[in-house]
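J.: Below you'll find the structure I mean.
The values are calculated or read from the model by the stated rules, or taken from the named source; none is laboratory data. Worth saying up front: this structure is predicted, and the values here are computed from it rather than measured. Cβ atoms come from the backbone with ideal geometry, glycine included; neighbour counts cover every protein chain shown. SASA here: full protein model, heavy atoms, side chains in, ligands and nucleic acids out. Shrake-Rupley method; radii C 1.70, N 1.55, O 1.52, S 1.80 Å.
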Amino acid sequence: MARRPQELLYLLTRAERLAVRRVQSVLDEFECSVEAWRVLDLLSDGQGHNMTALADHAFLPAPSLTKLMDQLVDQNLVYRRVDPADRRRVLAHLTPRGKQRWQLLAREVRSDWADLEHLPAGEELDELLTRLAEALEGRLAADPARVTTGRTGKAVGPAR
């Protein structure tokens, strides 16, 4: 039997809040917010990212991201440079100190979450949540080969 949307939303919200609380408890030891951790996470790939991508990844509105980025720059964890491909944009990068900080934080969070590794649906859960997010964003609907339809003709999920 399918869950009602409000039940699924409740379960997702509860899991998200508990997960954030758990991560924040680790980050508190390093005076780091979850949002800063998310920014450092995205920048850890070494590619440099624009402010829009960082705001999306950190789930922050632009003004809040600007304030956070100023703090990260002041802490010598991040630096900003003009994008050579588009001089109107700014790209953020980790400093060497930022990279060390990211590695420490990532190691500590992974260590704290080690007891969750035994969950039988680890990779399966990742896949299901990714598919749910894509469906909610409408990506699945944009690719008819990946979508099944209900009796009304509306997309209801990925094709099997």
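J.: So which residues in the range 36-57 are touching a residue at least 12 places away in the same chain (Cβ under 8 Å) and closer than 15 Å to Gly98 by Cα?
T.: Ala36, Trp37, Arg38, Val39, Leu40, Asp41, Leu42, Leu43, Ser44, Gly46, Gly48, His49
J.: Go through Arg80, Arg3, Arg87 for me and flag whichever is open to solvent by 40 Å² or more (accessible area, probe 1.4 Å), at pLDDT 95 or above, not aromatic (Phe, Trp, Tyr) and not in a helix (DSSP H, G or I).
T.: Criteria check complete, one pass: Arg80.
J.: When the residues of the range 8-35 are narrowed to those that are under 21 Å from Met69 (Cβ atoms) and in contact (Cβ under 8 Å) with a residue 40 or more places away in the chain, which ends up surrounded by the fewest Cβ atoms within 10 Å (Cβ to Cβ)?
T.: Among those that are under 21 Å from Met69 (Cβ atoms) and in contact (Cβ under 8 Å) with a residue 40 or more places away in the chain, it is Phe30.
J.: With the structure loaded, tell me whether Gln47 is part of a loop (DSSP other than H, G, I, E, B), more than 21 Å from Leu116 (Cβ to Cβ) and at pLDDT below 95 or whether it fails that test.
T.: yes
J.: Quick check on my filter: what residues within the range 36-70 are closer than 24 Å to Glu137 by Cα, of a type in the set (Ser, Thr, Tyr) and open to solvent by less than 70 Å² (accessible area, probe 1.4 Å)?
T.: Of everything in the range 36-70, just one residue is closer than 24 Å to Glu137 by Cα, of a type in the set (Ser, Thr, Tyr) and open to solvent by less than 70 Å² (accessible area, probe 1.4 Å), namely Ser64.
J.: Criterion first (within 30 Å of Glu117 (Cα to Cα), within 14 Å of the chain's Cα centre (by Cα) and small (Gly, Ala, Ser)) does Ser33 satisfy it?
T.: The answer is yes for Ser33.
J.: Select from the range 90-128 the residues that are open to solvent by less than 100 Å² (accessible area, probe 1.4 Å) and among the acidic types (Asp, Glu) and write down the one among them that is nearest to Ala19 (Cα to Cα).
T.: Result: Asp112.
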